[in-house]
Amino acid sequence: MGIESTAHTFGIGIVDFKGKIMSMINDIYVPEKGGIHPVMVKEQHLNNFKETIEEALIEANISLRDISLIAFSQSPGLGPVLKIGALVARLLSQTLQIPLVGVNHCIAHIEIGRLLCNIKDPLTLYVSGGNTIVSAFESGAYQIFGETLDLAIGNMLDSFAREAEISHPGGPKIEKLAQGASYYIPLPYVVKGMDLSFSGLYTAAKRVLKSKKFHQKYTLNDLAYSLQETSFAMLTEVTERALAHTEKKEVLLTGGVAANKRLQEMISYISKEHDAQFEVVPAKYAGDNGVMIAWTGILQYKSKGSDDIKETIIKPKKRMDKILIPWRN
Ligand code: AMP
Ligand code: MG
């Protein structure tokens with residue numbers, strides 16, 4: 001059983017040791033207005049975890065006694081929220097007397113992609129509400145080749161949408177709006193070395209939106225399109241450079257923003273240029289979920305056994321490139 005609890009989603013996934021997915025239940029916090037407030041998310045997770053577990057067991061048609069391993073998201077994420085998953089995981093592990101493993105959330109996104117897309121060694125672009133990372137396996141770990149220096153791409157799109165009075169989550173609605181555009185509005189394109197910065201782009205887009213002349217000259221469609229084209233071109237540039245450097249033969253797109261067809265098109269294009277196979281994690285498993293935690297927990301358990309309870313403290317800031325991956329050697 002995998003327990004995801006890094007941000008808005010409290011997710012339970014049940015997977016067998018061969019990688020067969022038996023169930024997946026997500027309880028997702030959706031803010032009425034504004035962004036994600038850790039205390040509010042924590043309260044929702046605390047209120048709903050028991051039902052989420054029960055539903056996942058029913059869907060898998062098993063009982064708690066059939067579970068032989070507990071995995072939970074240990075890093076990175078919002079501290080108060082991570083604590084709920086860790087607490088539930090420790091409680092279950094100790095009550096049922098079964099092993100426990102802490103899993104890195106970003107690594108889990110890659111591992112579920114490797115399983116479901118049937119690929120071995122991808123360069124991964126992981127784009128979500130909380131993360132923007134270009135990563136590939138090298139020297140025993142998932143190295144980070146590029147990442148955002150400030151906002152995550154999903155957060156940037158959602159924040160802009162909020163300014164335009166579009167309900168959460170904004171990403172999919174911006175994608176729709178972009179399809180009706182007639183003009184490209186120049187916006188700041190910021191790539192620093194291999195890293196990305198979205199805060200200047202966000203501020204500039206907000207300024208255009210609030211400017212007096214905006215509605216005389218442009219539509220919200222134009223601005224949504226321009227925001228997407230600029231930010232996705234930045235992501236594509238960094239991904240392509242990492243691909244050229246690593247010479248990987250597979251490219252994996254994952255995270256909630258991976259659902260975007262325009263981003264898929266851009267990443268697919270550069271993959272072809274470099275003779276690499278392009279794969280997108282199926283939408284159902286691309287966002288945060290407990291299945292990816294369960295599967296990564298199995299890989300980890302098989303290669304290095306379970307964690308001692310003292311090692312299961314949450315690590316909100318732990319980077320994926322600091323974690324050795326024994327199952328890839
Ligand atoms: P995650 O954090 O992985 O659960 O993904 C949630 C993020 O994905 C939110 O920021 C959404 O706005 C974003 N998202 C979902 N679908 C799309 C889409 N079609 N285009 C752009 N962003 C999207
Ligand atoms: Mg995620």
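Bear in mind these aren't lab numbers, they're just calculated from the coordinates by the rules spelled out. Bear in mind the structure is a predicted one, so any value in this text is a computation, not a measurement. Quick reminder, even Gly has a Cβ in these numbers, built from the backbone with ideal geometry, and neighbours come from all protein chains shown.
General observations
- Mean separation of Cα contacts under 8 Å (6+ apart) over length of the range 121-280, as relative contact order %: 28 percent
- Least to most buried among 151, 220 (fewest other Cβ within 10 Å first): 220, 151
- Exceeding the 31 Å Cα-Cα cut-off - candidates 272/302; 83/176; 192/261: 272/302; 83/176
- Ranked list, fewest to most other Cβ atoms within 10 Å of each Cβ, for 22, 292: 22, 292
- Arranged from fewest to most other beta-carbon atoms within 10 Å of their beta carbon, 105, 274, 168 become 274, 168, 105.
- Dividing the Cα radius of gyration of the chain by 2.2 N^0.38 Å, with N the residue count, gives 1.00.
- Charge dipole of the range 226-290 about the Cα centre (unit charges at C-beta), most positive-ward option of 278, 226, 254: 254
- Virtual spin-label span in nm between residue 211 and residue 302, 7 Å along Cα→Cβ: 5.6 nm
- Applying both filters, DSSP loop and at most 15 other Cβ atoms within 10 Å, to the trypsin sites (Lys or Arg not before Pro) of the range 6-70 gives 18, 20, 33.
- Neighbour-limited loop hits for trypsin sites (Lys or Arg not before Pro), the range 165-233 (at most 15 other Cβ within 10 Å; DSSP other than H, G, I, E, B): 212, 213
- Residue-normalised convex hull volume from the C-alpha trace of the range 173-252: 103 Å³ per residue.
- Between residue 268 and residue 33, full extension at 0.36 nm per residue minus the direct alpha carbon distance yields a gain of 81.1 nm.
- Cα-based shape type of the range 8-107, given that a ≥ b ≥ c are square roots of the gyration tensor eigenvalues and the cut on a/c is 1.5: prolate
- Principal axis box of the range 121-280, alpha-carbon based, largest edge first, Å: 53, 26, 25
- Taking the Cα centre of the range 121-280 as reference, the dipole from Cβ charges on Lys and Arg (+1) and Asp and Glu (-1) amounts to some 920 debye.
- For the pair residue 59 and residue 310, a Förster radius of 35 Å applied to the C-beta separation gives a FRET efficiency near 0.60, rounded to the nearest 0.05.
- Residues residue 20 and residue 150, FRET efficiency given R0 of 41 Å [Cβ-Cβ distance, rounded to 0.05]: 0.55
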